[in-house]
Structure formats: structure tokens, C-alpha cells
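The values are calculated or read from the model by the stated rules, or taken from the named source; none is laboratory data. Note that this is a predicted model, so its numbers are computed, not measured. Glycine also receives a Cβ, built like all others from the backbone with ideal geometry; neighbour counts cover every protein chain displayed. These area figures cover heavy atoms from the full protein model, side chains too; ligands, DNA and RNA do not enter into them. Shrake-Rupley method; radii C 1.70, N 1.55, O 1.52, S 1.80 Å.
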Amino acid sequence: MNSSSSARYSSNKFSPTVRLIFFGLLSLVLLFIDFQYKYLEFTRTKLSLFTNPLQQLVIMPGKLWQEVDNFFTIHNRLISSNAELRQLHTLDAAQLKQLEVLEADNQHLRSLLALQQRADYTMQLAEIIYTERNIVNRKVLLDKGALANVLTGQVVMDDNGIVGQVTRVYPRMSEVTLITDKNHTVPVQILRNGLRTLIFGSGDTGELILRYTSISADIQEGDLLVTSGIDGVYPVGLPVAKVTRVERDPAYPFARVLCTPIAGVDKQRQLLILSTLPTLPERPEATQEPTNRRSKNIKRGGK
Amino acid sequence: MSDYQPSLPAHTALIVTSLFVALLLSWLPWHGFLLIIRPDFVALVLLYWSMQKPNHCGIGIAWTVGIIADVADASFLGQHALVYAVLAFCGIVLQRRLSMLSLSQQALQVFPLLLLAYSIYVIVHWQLHGYVSWVHLLGSVVSALLWLPVTTLLQKLCHARASSSQR
């Protein structure tokens, strides 16, 4: 049957059986080569150049559908998230307003600080740029000078109390002698009883001395010393120091009173320069001290 | 089925087109259960043409199509080619017997052929990869079921072509 059918229907030279054997063997050889030696990768690559686009074409509708589906899903998600974000935005806007108010507040406070608009004294903020290298000379250099209207004799303080006094002014710098400098004196009063005295620097960080205080003077440990305003250099009532130790030795005429400055004389970096100098009338030649204090009868300290 | 008089190019075009479409169908992104029961459209069309027009679509054509299928399938070169060559041979050998039967009876006769073809594929797979995927044989059943619609469609197309080309 094989031969007759092939003879009738096939115009090929070879019978189907022969062809089957040929192609079957060819397939097996190909399979063997492909499996064993991987020599056919080149042929496969070349052929896939033809099949790949077609495969892509077949996959495309599905992909397209997926993409469209994706698009709508994303679209829906975007709409919902947009609404959510809008809500969040209104909420946040309210909070932002509060923040703005706070910021404005802060700005205001800052400007207040910068301008040092205090009721009684005008001040300006200055920063220490150099400290004196000599350990005996307690001096620092600030970054504000004559160009910022700093004058010699102006008082320098931090937020707690007196730090020193401007003793020399450069165009962009000013030299400040600290109250702990050995040659520096501040006229002070004891806050508790108004006792006037002078406080001297000891040349030592964080130590001041009340010299020439009589043994019987009413000074106790813990007394607060504030500027008396006498001599017109320092304004009245700025805290200067606190008495830490009082030594009364009968062998000496004067008591030895040690104090520590209230201001962070050697700690701060930013300092305030008091711009206004208290203006007092010119001192007469007489020995009488011009004072408007009522505490004249109180015993004077030293000098 | 013996009316193979119509002009040659018309049939060639139809054969090429049908094989092409069958290849595209097998390249559809099948997955999951559908992938398991995926019918082999190429095998069906090749079987049909090898029975109807053995002069135009013989073992050589079947083998070539098989190579293309191998490349697209990333299976070893020759795996599909061997299967299709065997199938085409069966179609050529059995054409007279099958053409005397009705279409539904043909389907019953075609099923063992397809099973044989699938078995060859599975055996080659087993030899190369070392394991047998029995579920793959399910495809032969589905393919046999599709014999009737595919044959009817191709016959309709064939007649339409023949009549149009004769006019």
C-alpha cells in the first residue's frame, strides 16, 4: 500500500519511507549535536531573528490589554491618591500656617535679639574672634568695631551680667578688657545693703577680689554685687559678681573677699555691647563725689 | 476529497497561510491549565495537508516547520521536526484509508496518530532531560477533539478558493 500510494500521489523521486528515514535521522543527528555539542546556537540565533518578531506580534494583544488594564488601574489609583493628597494638603496647609506664625514670631524675637531693643539700653550683638594670648591680660577681641558705632568705654556683657569694657576700638574690631583683668576695676554695690565698693580683677579666670574692705564691713558669703553706676562708666544695677569667700584676719587691716563673676566671662562666644553710655555731668574739681544715691551714710568701701 | 484539480499557487498560498496561522496560534501566551492542554495546531494542519495534498506538503515541509517550531519553542533543534516528519509520513501513508471515513470517524483514527506524535516528543524529552511529563500527552486528546472543526474549516477554505479561482 505504501509504495502504490506514494507512486500515485507523490511526484518526488523518493518514497515517503525513504524520506521519513532521511528526515528522521536528520532530526536525531540535529538533536544529538544540539544536545551534546551546542554547535547549533548560531543557526538557532539566525532563525530566531525570523521567529522572534512573530512571537512578539502574537504576544502583543495580550500585552496591550495588560497595559491598558494597567493604565486604568493606575489612573484610578492616581485619582484616589490625588483626592487623598488634596485632603492631606488642606490639613498640612493649616499646620503650615501655624508654623508660619511661629516662624514670624521667631523672626520677631530674633530681630529683637539682634537689635537688642531693651527698654533702657541699646545693645548690639558681637562675637569673640580672638582672645588675648597673654594669660595675665584678660582681653578679647570682638568682631564689631568703629564701623558698628562701638566706642571706647562701652560696657560689654552677656545675658547674665557684666563681662568687661571696650578699651580700644579698631574699624572692624574692638578690644575688650574683661573684669577679671588685673588692672580692671568696677564700682559695685552690695545688693543686700547697698554697700558701695570696688571690685578688682585678679588676673585669674573666674576670680575677682574686693580689695581694701575693712574687717568690719558688712559682707557675707553669697552677697550679690551689682554695678553702682558711680563714675558713669557702668550703668546702674547690672549684676557683676557673687561673694564666695570672706577672710577676716585681725593681723591685716583689710578683709580678704573673693568673688566669682556672674557672667560667663570666659565661657561665652557671643557678647552684647551696650551702645549707650550713661551721661553724667562733668565731675567738679572738688573731692565731693557726685552721687544721687541716698545711701550716703553707709560706710564706703576702700579707696 | 479527491478533487485536487485546482490551480497550484492557490493551494500553496492556503497551505502556507494555514501553517503560519497554526504556528502563531501555538505561540500565543498560553499559561496555567491552558498550557497543559494546549492542542498542537501545527500538527493538525500538517496532518490535514499531508493527507490532502501530499505533493505540496510532504515530510520535508513538515520537518522545516518543525525546525521553526523548535527555534521558537527553545526546545532542542529537531525535536518538533522529528515529530512532524513522522506525522506527515503517517498522513501520507494513511491518506486513502482516512479519506474514506467520515469526519467524526477520522477523528478517532487521528487520535492514535497524534498520541504517537506526542509520545515521540515525550520520549525525546525524556531522553534529553531525564524525566517524563505525562501531562503533556493530554494535548493529544484535545488536538484529536479539534480535528473535526479544523478539518471543516480548512475544507471550507479550500472549496472557497477553488471556486473563486475557477471563476
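Per residue of A:29-39, how many C-beta atoms from partner chains lie within 10 Å of its own C-beta, taken as a mean?
Going residue by residue through A:29-39 and averaging, the value is 4.
Considering region A:186-251, what Rg and Dmax in Å follow from its alpha-carbon atoms?
Just the Cα atoms of region A:186-251 yield Rg and Dmax of 11.7, 37 Å.
In peptide B:90-96, how many Cβ atoms from other protein chains are near each Cβ within 10 Å, on average?
4
Counting only heavy atoms of the protein chains, get the accessible area per residue of region B:79-143 (1.4 Å probe) and round it to a whole Å² value.
On a per-residue basis, region B:79-143 sits at 45 Å².
Order A:33-43, A:139-149, A:154-164 from most to least packed using the mean count of other Cβ atoms within 10 Å.
Highest mean packing first, the order is A:154-164, A:139-149, A:33-43.
What's the average, rounded to a whole number, of partner chain beta-carbon atoms within 10 Å of each residue's beta-carbon in B:59-72?
5
State which entries of A:LYS242/A:LYS267; A:LYS38/B:LYS53; A:LYS139/A:LYS242; A:LYS97/A:LYS144; A:LYS63/B:LYS53; A:LYS144/A:LYS182 exceed 26 angstrom in Cα-Cα distance in the structure shown.
Beyond 26 Å: A:LYS38/B:LYS53; A:LYS97/A:LYS144; A:LYS63/B:LYS53.
Take the alpha carbon atoms of region A:163-222, find their radius of gyration, then divide it by 2.2 N^0.38 Å using N residues; give the quotient.
1.35
Could you quote the convex hull projected area for the protein assembly as shown, Cα atoms only and averaged over all directions, in nm²?
49.0
For A:ILE59 and A:THR73, calculate 0.36 nm times their separation in residues minus their Cα-Cα distance, and state this gained length in nm to one decimal.
Gain in length upon complete extension: 2.9 nm.
Using the per-residue mean of other Cβ atoms lying within 10 Å as a proxy for protection, in what order, highest first, do the peptides B:84-90, A:180-186, A:167-173, A:71-77 fall?
B:84-90, A:180-186, A:167-173, A:71-77
Report, in order of residue number, the helices in chain B meeting two criteria: a C-alpha extent of 30 Å or more along the helix axis, and a mean Kyte-Doolittle hydropathy of at least -0.5; treat each whole DSSP H run as one helix.
Span-like helices in chain B: B:103-129, B:138-166.
I want to check the label-to-label distance for B:LEU137 and A:TYR170. Put each point 7 Å from Cα in the C-beta direction and report it in nm to one decimal.
My value for the distance between the label points is 10.3 nm.
Suppose we take every Cα in region B:122-167 and form the convex hull; what volume per residue is that in Å³?
77
Taking all pairs of different Cα atoms in chain B, averaging 1/r and flipping that mean, what Kirkwood radius in angstroms comes out?
16.2
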